[in-house]
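Engineer: Mind looking over this structure? Questions follow.
The values are calculated or read from the model by the stated rules, or taken from the named source; none is laboratory data. In this text, all values refer to a predicted model and were calculated from it rather than measured experimentally. Cβ placement follows ideal geometry from the backbone for every residue including glycine, while neighbour counts extend to all protein chains displayed.
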Amino acid sequence: MNQTQNPMTVQMWLWGLDAIRGDLAARGFHKLYRPNNTESSVYQLEQLHLHGYGIWLEDTEQTLVYRRPSKNWYALPKSAKVCIEHFTQNNLAWCDDARPRAVPHAQALGVIRPMILEYENWLAARHGNIREAQLKNIPNQKVRRAVAAWQDFVRIPT
């Protein structure tokens, strides 16, 4: 997927701002510290986990993983676990000898989209149109280039 067409580039950046502002905690995400308090934490709400290096969503059959550095989606068998103690900047790690399978972006976005829309609606009810100002002030050019894809993904008019 072309970087400018990937709404997750923007969503991940926005979740980072939300963590700093306390919105993830206010929404009910629990902050899970990494072993030895190294690097960033994981925020968990039910089966959804957010981390600076990626996200994962556990369901009854599999775990859907988005690896932020590579911008790719994977499915892990339910028996495999994501191991936060093995995260590095280049690797959202999974435990054991899991054999992840690649998942097409469109398919994975279809799975995660309802959760993102619910969260974005909650955030708008809490803060009004906070995203408009945030999107205008993105300092990172790679993230800025994906704003239109994110707006289309959450159906915010441009």
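Engineer: Going by the conditions given, is Ile84 at pLDDT 95 or above and buried (at least 19 other Cβ atoms within 10 Å of the Cβ)?
Structural biologist: On the way: at pLDDT 95 or above: no; buried (at least 19 other Cβ atoms within 10 Å of the Cβ): yes.
No; evaluated as a whole, the condition is false for this residue.
Engineer: Still on this structure, please answer the following. Right, Ala125: at pLDDT below 95 and either in contact with a Lys or Arg (Cβ under 8 Å, 6 or more places away or on another chain) or surrounded by fewer than 17 Cβ atoms within 10 Å (Cβ to Cβ) (or both) or not?
Structural biologist: Considered against the rule, which asks whether it is at pLDDT below 95 and either in contact with a Lys or Arg (Cβ under 8 Å, 6 or more places away or on another chain) or surrounded by fewer than 17 Cβ atoms within 10 Å (Cβ to Cβ) (or both), Ala125 comes out as no.
Engineer: Taking Leu45 and the conditions (1) farther than 27 Å from Asn140 by Cα; (2) touching a strand residue (DSSP E or B) at 6+ places or on another chain (Cβ under 6 Å); (3) modelled with pLDDT of 85 or more, which numbered condition does it fall short on, given that it satisfies the others?
Structural biologist: (2)
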